[in-house]
Each structure stands twice: as structure tokens, then as C-alpha cells.
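For reference, the structure is listed below as C-alpha cells.
Nothing in this text is a laboratory measurement; each read-out follows from the coordinates by a stated rule. Computed from a predicted structure; not experimentally measured. Counting neighbours? That spans all protein chains shown, and the Cβs are built from the backbone with ideal geometry, glycine included.
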Amino acid sequence: MHERLWKLNDPDLASIYAIIDRENISKMEIVHKVYEVAQQFGCVTKVEIHTASVGDDAFTEMNIEDSKGDEGKRPSAALVSFVTSTLDVTQMHFELGTFCVDETGGERWMARGVTLSFYIEPNGEEWGFYIDINTDLFVPFRRVRDERTERLARLNAPKLKRLIHELLRTFQVVDWEWEYSYRGLKEYLEQIG
């Protein structure tokens, strides 16, 4: 049996905060753009929307937890209807799933590989979002950096880097910064091509 070199869920791994120009985007455009970018990464596995009137449980939707079907590739009719008809949406959270290569060399489905959290206060001066990286399988050398973990990083990190780049480009981000990152992840992503 192989030793697992990575953590499945690590919410304190890394986070990027980005500011978007609210004058150039609507709530519905955010939804469509998330699904568009997610298709290049895998798919959207969960959506959670908060509103000022209802709170955290205003809308929740789970999708099939693999990217082989069509579910999670496009926003559902229920999601489109909810976002279009609800005026007091304050937050939208999207969990993105993707396939990664694990320590055995096989594909592993990561249903919560990355979470995108949009803050779209109706009267807020700026809209922003967090890119939360939830598994160290993308760059799995937190505990030890050796040939095995370097191999996993070479195979998985480019997918994460492409996702980050595509999100910043697609949402025409005005400004962004790493909120936090465990030592090595940010630097590693900056080094790779």
C-alpha cells in the first residue's frame, strides 16, 4: 500500500483575494463565467448562495461528483432562476472538482479541489472573490519535498496555475493578492511555466 503524500481537505492551505469591477459584471455573468472557467478545470460540484433576507441557506445545489457527465458543466435552470429573481444575493460559493494524479500514478477525483467565494454586496463599493485551494495534491510537498512529491507537483500544479490565471483574466480582476499560502506553494506556482 502506498503512503499518501497529500491532504484531501486542508482549508488553511492557500487563498487568493481578487477585486473585480462591479460596473462591468452582473451576478448572472459571474455564474456563467464560473461555469465557463470550471469546464477547463473539471466542473462545479456544489453551489451555495447567501442572501440578506434568508442568510446562509438561501440556495444550495450539489452536482455529480465527477466530470464525466454534463451535470456541473453548465448552471442549472434552478440556479439561473434563483440568481435572476433574487435581488439581495450577498455571497456565492462554488466548489470546483477536478482530476489529479495521485501517488500511485492514477487519476483521483477531487470534488472540492478549489472553492471560489464571491462577495457581491448590493451596496458595496467593490465586489471581490477568494480562490481557496483546498488540497495540497496540487503541490504536495508540505510534509516532505523529495522525488515523489516533486513528481506529483510537476503533474498537478500546472492545472492549478492555469485555473488561477484563467480566473484572473476572465473576471478582469482590478487587483489581487495572496491572502496566505503555506511556505513553498506560491513560490512553486510562480516558477512553473
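Can you find, among Thr60, Val83, Thr45, the residue sitting farthest towards the positive end of the charge dipole of the stretch 14-186, where Lys and Arg contribute +1 and Asp and Glu -1 at Cβ?
Checked the options; the winner is Thr45.
When a/c is below 1.5 the answer is rounded, else prolate if a/b is larger than b/c, else oblate, so apply that to the stretch 129-193 with a ≥ b ≥ c taken from the square roots of the Cα gyration tensor eigenvalues.
Prolate, since a/c reaches 1.5 and a/b exceeds b/c.
Quick check for me: using +1 on Lys/Arg Cβ and -1 on Asp/Glu Cβ, what's the dipole size of the chain about its Cα centre, in debye to the nearest 20?
Dipole size: approximately 760 debye.
Skipping prolines and chain starts, which residues have an amide H placed within reach, meaning under 5 Å, of the one on Gln91, given they are 5 or more residues away or on another chain?
Long-range HN contacts for Gln91: His50, Ile120.
Normalised by the residues of the stretch 14-186, what does the relative contact order come to in percent, with Cα pairs under 8 Å and at least six apart?
30 percent
Quick one, can you get me the convex hull of the C-alpha atoms of the stretch 26-120 expressed as volume per residue in Å³?
86 Å³
What is the extension gain from Gln40 to Val54, computed as 0.36 nm multiplied by their sequence separation minus the C-alpha to C-alpha distance, in nm to one decimal?
Extending this stretch completely gives an extra 1.8 nm.
For the stretch 92-108, in order, what is each residue's ³J(HN,Hα) by Karplus, 6.51 cos²θ - 1.76 cosθ + 1.60 with θ = phi - 60°, in whole Hz (x at glycine and Pro)?
The phi angles translate into 9, 10, 10, 8, 10, x, 7, 8, 10, 8, 9, 5, 8, x, x, 7, 10 Hz.
Is the shape of the chain rounded, prolate or oblate, going by the alpha carbon gyration tensor and its root eigenvalues a ≥ b ≥ c, with a/c under 1.5 for rounded and a/b larger than b/c for prolate?
prolate
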